[in-house]
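> Structure in structure tokens, see below.
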Amino acid sequence: MGRFRQKYYDLFAAVYDRFVALHASDHQQRARHLLAEKTGGGADAKVLDLCTGTGAVLLHHQMGLGKGGMCVGVDFSAGMLNVAKEKTKAYPSIFLVQADAGYLPFKNRAFDAVTCSHAFYELKGETRDRSLHEIKRVLKKGKPFLMMEHDLPANRVVRALFYVRLLSMGAGKALEILKHEGEVLGRYFDSVYKVNAPGGKSKIWICKNNT
Ligand SMILES: C[S@@+](CC[C@H](N)C(=O)[O-])C[C@H]1O[C@@H](n2cnc3c(N)ncnc32)[C@H](O)[C@@H]1O
């Protein structure tokens, strides 16, 4: 399944940004900007964007960074990363790494924040478990993991497409995270709370550990 999704995204990469722009460009941009702001890191922060795709969130992260800061985008799809590379080449604080979210090639406590935008529902079973352990491992003490995902869409057609996406990921596990995401995140983090993203279409879970 992981390999299938990797190939799927390699192909989807060519149209991904246009697809997102079609149904949610302004909301998405504002939501991604808020996600970056909520990391709370200063100019020297080191931020990791997990499942970065075409790098949309990285562009918002780099706005808040100075010379000492950096943001790293990780994704397992070479196709998505190629698009990201083209989009982010003008920004020296942005780095891209091809890796699986469950096996992060970084040292312990390397980052001041980890973000994941519209990809967490795709991490399921052992991959989700491994990814959450890895996120905790690479985060500095007390620093946040921010997970942004779609809320259940109000429009019936969009909601149907949303369910198709969830089903394509393996219905049971995907629906589990949709209904119990606070509980799932609470198994890994000491403090977990949710804020609404602009446009009312997405939410951001903010998760921290005391140790
Ligand atoms: C819906 S896209 C979201 C991309 C981006 N975060 C955004 O907000 O536009 C999901 C991304 O997650 C990546 N992905 C899914 N499973 C992954 C895994 N196990 N490890 C790394 N990347 C993964 C896909 O390749 C894809 O780029």
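The values are calculated or read from the model by the stated rules, or taken from the named source; none is laboratory data. Worth saying up front: this structure is predicted, and the values here are computed from it rather than measured. When we count neighbours, we look across all protein chains shown, and the Cβ atoms used for this are built from the backbone with ideal geometry, even at glycine.
> Among the numbered conditions (1) within 12 Å of the ligand (Cβ to nearest atom); (2) in contact with a helix residue (DSSP H, G or I) (Cβ under 6 Å, 6 or more places away or on another chain), tell me where residue 7 comes up short.
(2)
> Okay, moving on. Pairs needed: first member in the stretch 86-109, free of Cβ contacts under 8 Å to residues at least 60 places away in the same chain and closer than 27 Å to residue 136 by Cβ; second member anywhere, among the hydroxyl-bearing types (Ser, Thr, Tyr) and not in a loop (DSSP other than H, G, I, E, B); C-beta distance under 8 Å; at least 6 residues apart or different chains.
Between residues of the stretch 86-109 that are free of Cβ contacts under 8 Å to residues at least 60 places away in the same chain and closer than 27 Å to residue 136 by Cβ and residues that are among the hydroxyl-bearing types (Ser, Thr, Tyr) and not in a loop (DSSP other than H, G, I, E, B), the close pairs are 94/88; 96/88; 101/127; 101/131; 102/127; 102/131.
> Any idea which of (1) within 12 Å of the ligand (Cβ to nearest atom); (2) under 16 Å from residue 187 (Cβ atoms); (3) surrounded by 15 or more Cβ atoms within 10 Å (Cβ to Cβ) is the one residue 136 doesn't satisfy?
With respect to (1) within 12 Å of the ligand (Cβ to nearest atom); (2) under 16 Å from residue 187 (Cβ atoms); (3) surrounded by 15 or more Cβ atoms within 10 Å (Cβ to Cβ), residue 136 is out only on (1).
> Oh, and also: What single numbered condition from (1) modelled with pLDDT under 95; (2) within 11 Å of the ligand (Cβ to nearest atom); (3) closer than 25 Å to residue 151 by Cβ fails to hold for residue 75?
It fails just one condition, (1).
> Of all residues in the stretch 38-56, which are free of Cβ contacts under 8 Å to residues at least 40 places away in the same chain and not in a loop (DSSP other than H, G, I, E, B)?
none
> Write out, first by first residue and then by second, each pair whose Cβ atoms fall under 8 Å of each other, whose residues are 6+ apart or on separate chains, and whose first residue, in the stretch 127-138, is under 17 Å from residue 210 (Cβ atoms) while the second is in a helix (DSSP H, G or I) and more than 12 Å from the ligand (Cβ to nearest atom).
Sorted first by the residue in the stretch 127-138, then by its partner, the pairs are 132/185.
> Please indicate, with yes or no, whether at least one residue in the stretch 163-179 is under 23 Å from residue 36 (Cα atoms), surrounded by fewer than 18 Cβ atoms within 10 Å (Cβ to Cβ) and without any contact (Cβ under 8 Å) to a residue 40 or more places away in the chain.
No, because not a single residue in the stretch 163-179 is under 23 Å from residue 36 (Cα atoms), surrounded by fewer than 18 Cβ atoms within 10 Å (Cβ to Cβ) and without any contact (Cβ under 8 Å) to a residue 40 or more places away in the chain.
> Scan the stretch 124-139 and tell me whether some residue there is farther than 17 Å from residue 76 by Cβ and touching a helix residue (DSSP H, G or I) at 6+ places or on another chain (Cβ under 8 Å).
No, because not a single residue in the stretch 124-139 is farther than 17 Å from residue 76 by Cβ and touching a helix residue (DSSP H, G or I) at 6+ places or on another chain (Cβ under 8 Å).
> Looking at this structure, is residue 43 in contact with a Gly (Cβ under 7 Å, 6 or more places away or on another chain) and either under 22 Å from residue 196 (Cβ atoms) or within 12 Å of the ligand (Cβ to nearest atom) (or both)?
Spelling it out, it is not the case that residue 43 is in contact with a Gly (Cβ under 7 Å, 6 or more places away or on another chain) and either under 22 Å from residue 196 (Cβ atoms) or within 12 Å of the ligand (Cβ to nearest atom) (or both).
> Applying the selection to the stretch 120-133, what residues are hydrophobic (A, V, I, L, M, F, W, C) and either surrounded by fewer than 21 Cβ atoms within 10 Å (Cβ to Cβ) or away from the ligand (no atom under 11 Å from the Cβ) (or both)?
Of everything in the stretch 120-133, just one residue is hydrophobic (A, V, I, L, M, F, W, C) and either surrounded by fewer than 21 Cβ atoms within 10 Å (Cβ to Cβ) or away from the ligand (no atom under 11 Å from the Cβ) (or both), namely 132.
> Further, regarding this structure: Which residue out of 121, 103, 188 is among the aromatic types (Phe, Trp, Tyr), in a helix (DSSP H, G or I) and on the phi < 0 side of the Ramachandran plot?
121
> Output the residue which, of all residues in the stretch 1-54 that are exposed (fewer than 14 other Cβ atoms within 10 Å of the Cβ) and among the basic types (Lys, Arg), is farthest from residue 94 (Cα to Cα).
Here the residue is 3.
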